[in-house]
1. Take ILE53 and tell me if it is touching a helix residue (DSSP H, G or I) at 6+ places or on another chain (Cβ under 6 Å) and either on the phi < 0 side of the Ramachandran plot or open to solvent by 90 Å² or more (accessible area, probe 1.4 Å) (or both).
2. Test each condition in (1) touching a helix residue (DSSP H, G or I) at 6+ places or on another chain (Cβ under 8 Å); (2) of a type outside the set (A, V, I, L, M, F, W, C); (3) more than 24 Å from SER66 (Cβ to Cβ) for PRO35 and report the one that comes out false.
3. Out of SER42, SER33, report the one residue that is free of Cβ contacts under 8 Å to residues at least 24 places away in the same chain, out of contact with any His (no Cβ under 8 Å at 6 or more places or on another chain) and of a type in the set (Ser, Thr, Tyr).
4. What is the number of the single condition among (1) open to solvent by 70 Å² or more (accessible area, probe 1.4 Å); (2) among the polar types (S, T, N, Q); (3) not in a helix (DSSP H, G or I) that ASN58 does not meet?
5. Do you know which residues across segment 24-41 are of a type outside the set (D, E, K, R), under 22 Å from PRO63 (Cα atoms) and surrounded by fewer than 18 Cβ atoms within 10 Å (Cβ to Cβ)?
6. Mind counting the residues in segment 6-23 that are part of a loop (DSSP other than H, G, I, E, B) and either charged (D, E, K, R) or open to solvent by 100 Å² or more (accessible area, probe 1.4 Å) (or both)?
7. Does ASN2 satisfy the criteria of being touching a residue at least 12 places away in the same chain (Cβ under 8 Å) and in contact with an Asp or Glu (Cβ under 8 Å, 6 or more places away or on another chain)?
Amino acid sequence: MNIIVTGASRGIGFETAELLASQGHKVIGISRSAPSRKLNFSHLSFDLSSGDIPSFVNEKIKPLFSE
């Protein structure tokens, strides 16, 4: 399953992304800052509150899920 987790740089978002990735899901974590720990999922830095979300999805996320 393809899953997007927001707020994935730390806390609940990070732990959720790690758990889902460990269960075999393809996970993309999104947050304003990069996580400081080793990742078992793909991460993209993006501020959802101020960015062009449709362009971000089409240009950055869709290609990762089609790999």
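The values are calculated or read from the model by the stated rules, or taken from the named source; none is laboratory data. In this text, all values refer to a predicted model and were calculated from it rather than measured experimentally. Reconstructed Cβ throughout: ideal geometry from the backbone, glycine too, with neighbour counts over all protein chains shown. Side chains are part of the model used for accessible areas, which takes the heavy atoms of the whole protein and leaves out ligands, DNA and RNA. Shrake-Rupley method; radii C 1.70, N 1.55, O 1.52, S 1.80 Å.
1. So ILE53 fails the test.
2. The failed condition is (3).
3. SER42
4. Tallying (1) open to solvent by 70 Å² or more (accessible area, probe 1.4 Å); (2) among the polar types (S, T, N, Q); (3) not in a helix (DSSP H, G or I), ASN58 fails exactly one: (3).
5. GLY24, HIS25, SER33, ALA34, LEU39, ASN40
6. 2
7. no
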